[in-house]
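Encoded as structure tokens, the structure appears first; notes follow it.
The values are calculated or read from the model by the stated rules, or taken from the named source; none is laboratory data. Remember, it's a predicted structure, so these values are computed and weren't measured experimentally. Cβ: placed from backbone, ideal geometry, glycine included. Neighbour counts: every protein chain shown. In case anyone asks, the SASA skips ligands and DNA or RNA and just uses the protein heavy atoms, side chains included. Shrake-Rupley method; radii C 1.70, N 1.55, O 1.52, S 1.80 Å.
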Amino acid sequence: MKLEALDFEDLDRFRIRLFILGGVVILIFSLLASRLWYLQISQGELYTEFSQGNRIRLISEPALRGIIYDRNGVILAENRPAYQLQLIREDTPDLENTLNNVSQAFQIPYSFLLEKIEDNKDLAQFKPIILDDDLNYEKAMFLETYQDDFPGVSIVIRPRRFYPHKNLASHLIGYVGIVQEEWTELPEEKRSSSQIVGHSGVELLLNDHMIGLDGGRQAEVDHMGRELKILGDPVPSVPGKNIFLNLDVRLQNVADEAMRGQSGAVIIMNPKTGEMLGLASYPDFDPNLFSGGIDQLNWNVLLENPEHPLENKSIQGLYAPGSIFKVVTSYSGLEQSIISPDDELLCNGEFYVTGRTDPYKCWKEGGHGRVNLLDAIKGSCNVYFYNVGMEVGVDQMHKYARTFGLGKITGIGLLNEKEGIIPSSKWKKREYNEPWYEGENPTMAIGQGFIIVTPLQVLNMINILANDGIWVPPKLFLKQEGPQPQRIKLKQEYLELIRKGMVAVVNEIGGTARKVQFEEFTVAGKTATSQVVSHKTLETLDNVTKEKRELQNHAWFVAFGPVEDPEISVLALVEHGGGGSKAAAPVVRKILSYYIDNIYNPVSGESNQAGLDSSNKIKFSDKLQTAFN
């Protein structure tokens, strides 16, 4: 009996254990089933996408940036293919070995590659890491040939900004760079192309117009990251808008050649239309340096250059206008009836002001003798204008200088254009808490002293004079709409007298710019020599040359023609060039000579500009788009 009782007790304990064990097994399988349901049913779509990511890549196609052309269809800024070396970590089973192979094959320091990987450690495993942004063609083809030795590494063609004329008109065209932040806030379809943005000039001014819409495609790839086939229909990218400038490359090239080795600015315009035919600042720079992100060495060279190559001196350089300001002094004297065309004044080379021991001197030793207004403009007689300035006074000269557009933004559209200073008695009281002294009038009358203006303002003033008092806003772009021409309240008979004086400067004996005279194309011009306000330290020059050059004044020359119906105006400023007739006038002569021989049509009186039917150049963007695809 005891044995039977024991057997039943053991059997009950066994059943209990079996029940517990069965419950545990059921619980485990329930948990596994629950997890399986969660992964396959609840989160199935998500993990399906993840698994697809292992073999399907979304390959973006950045939109091509719009091309910049000159007025005749010559390409100034375009896009070239750049071979980008990329690595996808998900496709790289042995990262260390692959990086070693890349380092040896492409002469890229291993430490640099590791730094690239570390900088992108937060990037998704299937997102590409750029190891080299612009691999040369031979290296790119080497990788394509030996792809099996570089798992996860591939070559992707990306557009890079290219400036075929290098330094030409670099300050006007500008340059692009790689933006480091904020681009991620842009719409997805503009992100890739928006990583390249304009940083100066037209590239910055019309950046939004030249950025296109990105496209892309889905591609199936193998374990090496190589494309096997395209899935679905690719979405083509939409290029940005092309831009046509009024710039004429031919004239710009002549200006560059004439200014070679010198510092300053050259501006070429059509005074009747405001078209900007040429605009340059010297020294210039190669915008190609910035296309993929400028390296520190080249950046330091540009920044440390005492001639400031990144400054657009045409609109940002501030200089005393010198004798060109005599246009304002002349008009002020005529308008105030202080002088008439026939009035003569004696120039003996010196002019004294009460209370001042030292005289103001004329540039011509011994003086010009008795001169009237036309003689004074022709020979740039300082003493004549000292007298006029003393009678007119600072506030009247200020008034008419502003009327001619000096000391004002011209509205060209380029960023960071400077205003300059046209002093007045109120201005001096405000800035220096001092009154304006009579003895300062002679200096102002010849464009010295406190006056500082930009070269574009000076040419703008001369255009108003050439146009009988009509101001035409400067225009950068072909067929540009904008502010309409404005008639300035200036008397045409006085403007005509000043123009006659400027014609005499070039075409009569005693004129300061006789070398700019042409047959059957009458040029009016004005030379100027302005004092250097602050000397530059020219580290690249020896001490003797440096001292000599720092003592030299800035040289100006401005001209327009043909006088009967002006269609071209040119300004040249040569920093530390000395006299205007010696340094600046030859630059203008070379530009006018080319214009007369190659562009100007003396029969019709119209410029012989080529049209925009340059199909082989215009269609280049289409060919390049095909190359990228």
Over region 295-397, what percent of the accessible surface lies on carbon and sulfur atoms, probe 1.4 Å? 46 percent
Where the Cα pairs of region 88-138 fall when distances are cut into 10 Å bins, in %: 24, 58, 18, 0
Can you list the equivalent-ellipsoid semi-axes of region 225-305, largest first and in whole Å, using the square root of 5 times each Cα gyration tensor eigenvalue? 38, 24, 10
Go ahead and run the numbers for FRET between Asp233 and Glu138, Cβ-Cβ distance against an R0 of 25 Å, rounding to 0.05. 0.15
For Leu76, the residues 5 or more places away or on another chain with a placed amide H closer than 5 Å to its own amide H are Ile68, Tyr69, Asp70
Expressed in angstrom and rounded, the centroid-to-centroid distance over alpha carbons for region 83-109 and region 320-339 is 71 Å
Largest-first principal axis extents of the Cα set of region 435-517 (Å): 47, 42, 25
For Thr403, net neighbour charge (Lys/Arg +1, Asp/Glu -1) across residues whose Cβ lies under 15 Å away: +3
Nothing charged except the Cβ atoms of Lys and Arg (+1) and of Asp and Glu (-1): what's the magnitude of the dipole of region 256-348 about its Cα centre? Round to the nearest 20 debye. 100 debye
So between Asn101 and Thr145, what do we pick up on full extension, going 0.36 nm a residue minus the alpha carbon distance? 14.4 nm
Leaving out ligands and nucleic acids, and using a 1.4 Å probe, what accessible area per residue does region 447-529 come to in Å²? 42 Å²
Residue-normalised value, i.e. accessible area per residue, for region 342-411 at 1.4 Å probe, in Å², stands at 49 Å²
Restricting region 315-406 to GluC sites (Glu not before Pro) in coil, as DSSP defines it, with at most 13 other Cβ within 10 Å: Glu365
Over region 112-153, equivalent-ellipsoid semi-axes from the Cα gyration tensor in Å: 22, 13, 8
Taking a label point 7 Å from the Cα of Asn253 along the Cα→Cβ vector, which residues of region 154-173 have an amide N closer than 16 Å to it? 164-170
